[in-house]
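Heads up, the thing below is written out as structure tokens.
The values are calculated or read from the model by the stated rules, or taken from the named source; none is laboratory data. These figures come from a predicted structure and were not determined experimentally. Cβ atoms come from the backbone with ideal geometry, glycine included; neighbour counts cover every protein chain shown. The accessibility values were calculated without ligands, DNA or RNA, using every heavy atom of the protein model including side chains. Shrake-Rupley method; radii C 1.70, N 1.55, O 1.52, S 1.80 Å.
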Amino acid sequence: MRLASKDLLGLADIEADEITLILDTARDMKRIVTGSMKRVNYLQGKSVVSLFYENSTRTRVSFELAAKYMGAHAVNVSVSTSSVAKGETLIDTGKTLEAMGTDIIVIRHSQAGAPHLLAKNVRSAIINAGDGMHEHPTQALLDMMTMREAFGTLKGLKVAIIGDISHSRVARSNIIGLLKMGSQVNLYAPSTLMPIGIDQMGAKICPTIEDAVENCDVIMGLRVQLERQKKALFPSTSEYSRFFGLNPDNIKRAKKDVLFMHPGPVNRGIEMTSSLIDADKSVINMQVTNGVAVRMALLYLLTGREEA
Ligand code: CP
């Protein structure tokens, strides 16, 4: 089985059985990531270019490692020192990379829809590594991989997503993906950070953190995205932490074996206390490991299409 599209633009565009295929492939790829010989030839002769218009550690490095572990040529474009800084358009940049033989372009952009625009204008496969406040599909896939690994299935899981839902492409992709896979999603955010109508996607908006985490299998904190807020949406980070941050007291109604997750980077002590971030039940570092496996799976499934 292959992915239906040449690109991975968002979880809204793919079916549940494609998500399962990606997660199954990532499970196999994880053996390479955690083994002592991190080298296979599945992508030998292929070229992967990362084009990040926004900062990143996890996503950019894990795509680069994923490509290299599978034998591809992997290049990172530093947007600030590229011809983008001279005014080159996104489409012209994409066509330029394609003209050099690039098979896959991984793009992160502050504008929602930028990966979709690129995908329409180049033959290379496009992977969305985060577009504005829209989607971050590879993050949600690695989150779902981490949950499935812990519980064996996503069906029937109860997941609480807490924090800045409004600005979070991670929350949006997780809501879409988890609901497609049969999980239940509870949301809690300060009212200024809860987008109107988000419950129409099928998630439940809860009045308090304690209600949101009740009987949950997973609690996912979200980063406070100060850089995306055009005006102050809460008084201060210390008030945010006091009233909206996750701590050992306000998560007591969750299940005993609840997992703590966070997409990173974490603002320690603001959206989550260090005692939760570093707890035995925290899988934040496992999310990062699984991120390499998921990205290997996607590069493999997308470049493998032409041979299918
Ligand atoms: N979670 C995530 O996208 O992290 P980076 O911004 O470091 O890539």
Q: Pop out the carbon and sulfur fraction of the accessible area of region 137-286 as a percent, whole number, probe 1.4 Å.
A: 51
**Q.** Cα-based Rg of region 137-286 normalised by 2.2 N^0.38 Å, two decimals
**A.** 0.94
Q. What's the local net charge at VAL213, with K and R +1, D and E -1, over the other residues with C-beta under 15 Å away?
A. 0
(Q) I'd like the Kirkwood hydrodynamic radius of the chain, using the inverse of the mean 1/r over distinct C-alpha pairs, in Å. (A) 19.7
Q: Give the relative contact order (percent, whole number) for region 137-286; include only Cα pairs under 8 Å separated by 6+ residues.
A: 24
Q: Taking only Cα atoms and a 10 Å spring cutoff, compute GNM fluctuations for the chain and point out the largest among GLU88, GLU214, GLU54.
A: GLU88
Q) What length, rounded to one decimal in nm, is gained on full extension from SER110 through to VAL61, with 0.36 nm per residue of separation minus their alpha-carbon distance? A) 15.8 nm
Q | Spin-label model distance (nm) - LYS120 vs GLU15, 7 Å beyond Cα toward Cβ | A | 2.5
**Q.** Mean Cβ neighbour count within 10 Å, used as a protection proxy, ranking 97-106, 160-169, 197-206 highest first
**A.** 160-169, 97-106, 197-206
Q. Using the Cβ atoms and a cut-off under 13 Å, what net charge is assigned to the surroundings of LYS155, where Lys and Arg are +1 and Asp and Glu are -1?
A. +2
Q | Size of region 1-160 as Cα extents on the principal axes (Å, biggest first) | A | 49, 36, 29
Q: Please express the shape of region 199-293 as an equivalent ellipsoid: the semi-axes are the square roots of 5 times the eigenvalues of the C-alpha gyration tensor, given largest first in whole angstrom.
A: 21, 18, 15
Q: Report the local net charge at ALA254: Lys and Arg +1, Asp and Glu -1, summed over other residues whose C-beta lies under 14 Å from its C-beta.
A: 0
**Q.** Solvent-accessible area per residue, Å², over the chain with all protein chains present [probe radius 1.4 Å]
**A.** 43
(Q) With +1 on the Cβ of every Lys and Arg and -1 on the Cβ of every Asp and Glu, and nothing else charged, how large is the dipole of region 137-286 about its Cα centre, in debye rounded to the nearest 20? (A) 320
Q) For the pair GLU54 and ASP249, how long in nm is the line joining their label points, each one 7 Å along Cα→Cβ? A) 3.3
Q: Keeping every protein chain in place, order TYR188, TYR300 by accessible area at 1.4 Å, biggest value first, i.e. largest first.
A: TYR300, TYR188
Q) Which helices pass in the chain if a helix is a full DSSP H run, must span at least 24 angstrom along its long axis by Cα, and must have mean Kyte-Doolittle hydropathy not below 0.0? A) 16-34, 284-303
